[in-house]
Every structure is written in structure tokens, then in C-alpha cells.
Amino acid sequence: MTTNNQTNQPRGNYSLPIVIMFALFFMIAFVTGYQNPLGEVIKNMTGGNAILSQLGTLANFIAYACMGYPAGILLEKSGYRVTALWAVTVGFLGVLITYISGFIGTNIPAVIVYLIGAFVAGFSMCMLNTVVNPMLNSLGATQKQGNQLVQFGGSCNSLGATLAPVIVGGLIGGQASSISSANPVFYLAMTIFAVAWIVLYLSKLPEAPDLGKKKEKINAGGAFRFANFTFGVIAIFFYVGIEVGISNWTFQYLKESEIVGLANPAFEAAAIAGTVCGIYWLLMLVGRLIGGAIGGAVSSRVMLIVTSLVAIILLVLGICTTESVVPFIGFDSKNMLFSVVQVPLNSIFFIACGLCTSVMWGAIFNLSVQGLGKYTAVASGLFMTMVCGGGIIPALQGIIADSSILASFWLLVAVTVYLLIYALFLSRPSNKMPQEKEILYEDGHEVQA
């Protein structure tokens, strides 16, 4: 008899919940991704300050630092279904608050409400990231099928990241000064969250087999006794900053480029910037597919060394290449118009980094948890808090970008060099297991060994 890979309960028909999980994978990337083009609206509303354009991304990712550990606790105590319902509810509220900010008349109060919405949405994205992978895996009839569903979900995630800058960049145009210009996006997001909540509430879904059982208490600090994990936490913080920073500041660079405006008088610069950045996320999807295909033959260390080195070269080329233009495809989502446009050559080098950043998370994670044993689960939760680097690094870039956007990419070069050093030297695990006081349980109560 075929049973679910996570439980011995008879399987039901999980087709609709699987589709909803795919939609939530899409929404994780889409809601995160639309903060970048909306940053252009915030910039226009606040007098053109480049740093302020990153506030939405910063608020969205800082939420991970606050919610990463609590989300893991909620999942452990309440299970997949309850955690997913809370995540979807919070996501709906976050988008709703962002939507409401577009109807506030004065700029500063509108920006404050928008940032609250981005922060609340960030809570939801963190919770969803915590639950959708194991939940989708549990919906597979076998372990391999569960793995396959997670990979398909990752493809939906990449699709959401690809479409967000393309659609929202085209909708807001170049001079939009109201968040309401992106209302169709908010309608779509709230509808998906609402439908997801109803389906999850009405569905009987499998749960983890150890839900509600007494578990050994693991001291989270013990994970930091492993040097490869400690340096890996820093690496993952930098990595997410690199991934988001390339997209965000390539968008801003193209949006502000005089060359883009002069070479494409019939096209909004924001639409061109959104399309180019959409290709960056599409290349990440391609890179993940390639990484998955060769992952069995190439070690995580080699993969991280090669991708870090290539990313450094591409970033330096992007900074130093003269701003000659090359043909590229453009899409105006407001007017549903495809056309050949002209973009600076150096922006192509920047977005090509998507092939490198696509596999870095998995490689860093694998290197970081080598030898961790019982600390692996708690390490995963700590990794989730480090996703806040995706807001902090681009914001630090903004300080430099206020003078020169191209110069701000040197910060990304520096932190990518750290990833290379990590792969070469800092990721090698210790052969000796750190000693820790053992905790035993007797009749459900903790006793000292």
C-alpha cells in the first residue's frame, strides 16, 4: 500500500493544496520582488534620495531577523497547516496595508504606512519560507516525489521573482509618485492569499510524524562551536545581500541612466529596468536547473569557488566597462508592448551574475552544516534569520549610491570575495565534535546526565 512519505495515514487527493503551495512559492518571490520597483515610487515621494528607495526592501528583510526563530517554534509546536494559515493571514494583511498606503494623501505618512506593510509582509514571507518546503515535501506520495514537488515549487518561486520587476516596473512608469499605481498587483496578491487561506482551512493535510512529541532540547549556541557554521552564517548574510543588491541597484542604475532614456525615447526607463532585472531572476532559474543537473558530480565547495570567482569578475566588468549600448528585449506591461531596446553593456554583466547567485545558497548551506549532526535543524532556523542581509546590504549600497550607483557595486565585490575565501578556507569542518552537557528525559521531565 502506498503511503505518504511523512505519515502512515491514508492519502487523500492533495492536488489542490499542491497547486496552492506552488502559488505560495510564487508569492514569496513576487511580494519580495515588487519592493524594488516600488522603491522608485518612494524615491519620488521623498525627494529623490537613493537610500530611501531601499527602505521597503530593508523593512521586508529585517522582518526575517525578527521572525526566523519564532516561525520555527510555531512550526514545531503547531504543525504545517496552522503555520501556513497564519503565514497566509499575515501576508494578506501586509499587502492590504501596502495597498491602503496608496490612498494616504501626504507623502511622509504614506511612506510610513507602506513601510509597515512591507515589514508585515516580511513576517509572512519568513513564515512561508519556513513551512512551504517541508509541507510540500509531505504532500508527495514518496520521498522522491516530495523532492520533485519542492523543485517545481522552486521554479514557481523563480517565476515570481522574474515577473515582479517586469510587471511592477512597467505599471509604475518613470515618474509615479503614488503607491496606488501598482494597485493591480496588490489585487492579485490579496486574491491569491485569500484563496490559499480558504483551501488550506478546508483541506485535511498530512503533518510531520513527530508533531506533539517530546523532543530533545538543543542548545542553539552549540552550533557556533563549529567554525564552518559560524563563518557560514556570515556567508549566508552576505549572499542574500548580493542576490538582492544586484537586482535592486541594477534597476536603479538603468532607471537613472541618461543613455537608456536617450536611446529609447518611446520606452519608459522603469519598464526597461524592470525587464532587465526580470531576466536576472530568470537566469537564476536557469542556474538552479544547471546546478541541479551537475550537483551529483560537483561538490558544494567547488561550486561555490567557481561561482564566487565568476561573480567577482562579472561585477568588476560591470563597474569598469564603458557605457556602450547593446540591443536587448524590452516589455512595457502598462501598454503590453514588446520591442528591441538599447541598454548599457555593463548592465548585462550585472544580470549575468544570476547564473552564479542561483546556486550559492545551497552550496553555503551544505558547507555550513557539515558535521553539525543534531544541530542541523537549529542551524536551518538561524540561517533564516540571516536572510535579513537582503535588506541591510542593499541599504548600505544606497549610502554609496547616493554619490555613484556604479561605485556602490564595489561593496558587492567585497562581500563576494568573502564568499570565495569562505569556500576556499573557512568552510572546512572540524573533525572533532564539540563537547556539550548531555540532557536526558525521565517521565517527560528534564534531568541532568
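The values are calculated or read from the model by the stated rules, or taken from the named source; none is laboratory data. A quick note: this is a predicted structure, and the numbers were derived from the prediction, not measured. Counting neighbours? That spans all protein chains shown, and the Cβs are built from the backbone with ideal geometry, glycine included. Quick note on the areas: whole protein, heavy atoms, side chains included, nothing else; ligands and nucleic acids left out. Shrake-Rupley method; radii C 1.70, N 1.55, O 1.52, S 1.80 Å.
Here are the numbers for this structure:
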read-out	value
Listing of helices (runs of 4 or more DSSP H) fully contained in region 233-326 that carry 1 or more residues being touching a residue at least 60 places away in the same chain (Cβ under 8 Å) and within 22 Å of the chain's Cα centre (by Cα)	269-294, 300-320
Lone qualifier among 150, 111, 120 - being assigned to a helix (DSSP H, G or I) and within 22 Å of residue 188 (Cβ to Cβ)	120
Selected residue [under 19 Å from residue 166 (Cα atoms), modelled with pLDDT of 85 or more and surrounded by fewer than 24 Cβ atoms within 10 Å (Cβ to Cβ)] from 309, 282	282
Exclusive hit being modelled with pLDDT under 85 and on the phi < 0 side of the Ramachandran plot, set 340, 302	340
Among (1) open to solvent by 50 Å² or more (accessible area, probe 1.4 Å); (2) closer than 22 Å to residue 81 by Cβ; (3) at pLDDT 80 or above, the one test that residue 143 misses	(3)
For residue 367: the one exception among (1) over 26 Å from residue 278 (Cβ atoms); (2) over 26 Å from the mean Cα position of the chain (by Cα)	(2)
Boolean, residue 46 is hydroxyl-bearing (Ser, Thr, Tyr) and surrounded by 20 or more Cβ atoms within 10 Å (Cβ to Cβ)	no
Odd one out for residue 100, checked against (1) free of Cβ contacts under 8 Å to residues at least 40 places away in the same chain; (2) at positive phi	(2)
Any hit, region 384-405, residues being part of a helix (DSSP H, G or I), more than 15 Å from residue 308 (Cα to Cα), open to solvent by 70 Å² or more (accessible area, probe 1.4 Å) and at pLDDT below 85	no
Residue, farthest from residue 206 (Cα to Cα), within region 77-110, restricted to residues that are open to solvent by 10 Å² or more (accessible area, probe 1.4 Å) and in contact with a Leu (Cβ under 8 Å, 6 or more places away or on another chain)	86
In region 111-133, residue farthest from residue 385 (Cα to Cα) [restricted to those that are buried (at least 20 other Cβ atoms within 10 Å of the Cβ) and free of Cβ contacts under 8 Å to residues at least 60 places away in the same chain]	117
Those residues of region 357-379 which are in contact (Cβ under 8 Å) with a residue 40 or more places away in the chain, part of a helix (DSSP H, G or I) and open to solvent by 10 Å² or more (accessible area, probe 1.4 Å), in sequence order	361, 362, 365, 366, 373, 374, 377, 378
Some residue of region 52-69 being of a type in the set (Gly, Ala, Ser) and either more than 22 Å from residue 396 (Cβ to Cβ) or not in a helix (DSSP H, G or I) (or both)	no
Hits in region 412-428 (condition: crowded, with 22+ Cβ neighbours inside 10 Å and over 27 Å from residue 221 (Cβ atoms))	412, 416
Check on residue 199, modelled with pLDDT of 80 or more and crowded, with 21+ Cβ neighbours inside 10 Å	no
Considering residues of region 338-356 that are part of a strand (DSSP E or B) and touching a residue at least 24 places away in the same chain (Cβ under 8 Å) only, the residue nearest to residue 310 (Cα to Cα)	344
Qualifying residues in region 146-171 (those that are at pLDDT below 75 and open to solvent by less than 10 Å² (accessible area, probe 1.4 Å)) - the one farthest from residue 114 (Cα to Cα)	146
Qualifying positions in region 202-228 - among the aliphatic types (A, V, I, L, M), more than 24 Å from residue 136 (Cα to Cα) and either in a loop (DSSP other than H, G, I, E, B) or at pLDDT 75 or above (or both)	218, 223, 227
